[in-house]
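In what follows, a single structure is set out as structure tokens and then discussed.
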Amino acid sequence: MQAILRFFLIFFLFFCAGQAAAAPNPTEQLKPFINKVAAQLRDPSFKNDTVDNRIERIVSLVSQHFDFLEMSKRVVGRPWQQLPPAQQKKFANLFSQLLGYSYINKVDAYVEMKIEFGKERLAGDRAEVKTMFVEGNKSIPVSYIMMLKGDTWMAYDMVVESISLVRNYMEQFKGIPQDQLIPRLEKTVQEEKLKTEKKE
């Protein structure tokens with residue numbers, strides 16, 4: 001009986017070790033992706049494109065490793081469960097546009113900075129990958145909070161200089177009635193779009 005138990009224990013340990021070894025590394029997945037985004041932002045064809053096209057291009061690219069649906073769920077909080085799937089999807093699409101405009105409006109401060117990858121923290125299917133944007137004596141810490149979906153690590157939050165993107169937007173949408181969430185977001189997206197167009 002003890003021999004059988006030892007066999008199953010050893011089998012279980014080897015199985016778990018095999019599963020852990022098979023899991024992709026979040027930093028190794030994130031590194032080429034971040035470099036790809038940076039290259040896109042530096043591309044003259046991107047800089048000279050229309051605002052709407054730039055938003056579409058950057059959101060499409062960033063969606064490869066950013067889970068906008070999960071971000072939206074965390075931003076909205078409890079009311080998210082009361083939204084029909086179609087409205088959840090609409091909110092996530094609008095939220096991705098909002099982040100796109102915000103990203104483009106701030107990109108000049110980051111695009112030429114060197115990106116250094118630091119330590120990562122792993123806890124099952126969750127990970128934090130720390131990076132540093134560096135230029136001369138200036139450095140900006142940016143952490144990517146991720147979860148493993150299938151064989152892809154997807155970011156659902158970013159922490160820039162100790163400020164969580166999700167927590168920041170949570171405060172903005174806190175207390176808004178459920179039926180006003182999408183209209184409020186549509187208004188915010190339009191405001192960011194106008195702000196971007198004025199900068200052109």
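The values are calculated or read from the model by the stated rules, or taken from the named source; none is laboratory data. What you are looking at is a predicted structure, and each value in this text was computed from that prediction instead of being measured. We place every Cβ from the backbone using ideal geometry, glycine too, and count neighbours over all the protein chains shown.
Here is a check on your reading of the model: is LEU185 at pLDDT 90 or above, over 21 Å from ALA23 (Cβ atoms) and surrounded by 14 or more Cβ atoms within 10 Å (Cβ to Cβ)? Yes, satisfied.
Number of residues in segment 54-93 that are closer than 21 Å to VAL159 by Cα and not polar (S, T, N, Q): the value is 17. If the condition is being basic (Lys, Arg) and touching a Phe, Trp or Tyr at 6+ places or on another chain (Cβ under 6 Å), then segment 64-84 contributes only LYS73.
Select the helices (runs of 4 or more DSSP H) contained entirely in segment 44-108, then report the ones holding at least 3 residues which are touching a strand residue (DSSP E or B) at 6+ places or on another chain (Cβ under 9 Å), at pLDDT 90 or above and surrounded by fewer than 20 Cβ atoms within 10 Å (Cβ to Cβ).
Once the helices (runs of 4 or more DSSP H) in segment 44-108 are filtered for at least 3 residues that are touching a strand residue (DSSP E or B) at 6+ places or on another chain (Cβ under 9 Å), at pLDDT 90 or above and surrounded by fewer than 20 Cβ atoms within 10 Å (Cβ to Cβ), what remains is 68-76.
Among the residues making up segment 158-167, those that are of a type outside the set (A, V, I, L, M) and exposed (fewer than 12 other Cβ atoms within 10 Å of the Cβ) are GLU161, SER162. Just one residue in the set MET132, MET158, MET170 is in a strand (DSSP E or B) and either within 18 Å of ASP67 (Cβ to Cβ) or β-branched (Val, Ile, Thr) (or both); that residue is MET158.
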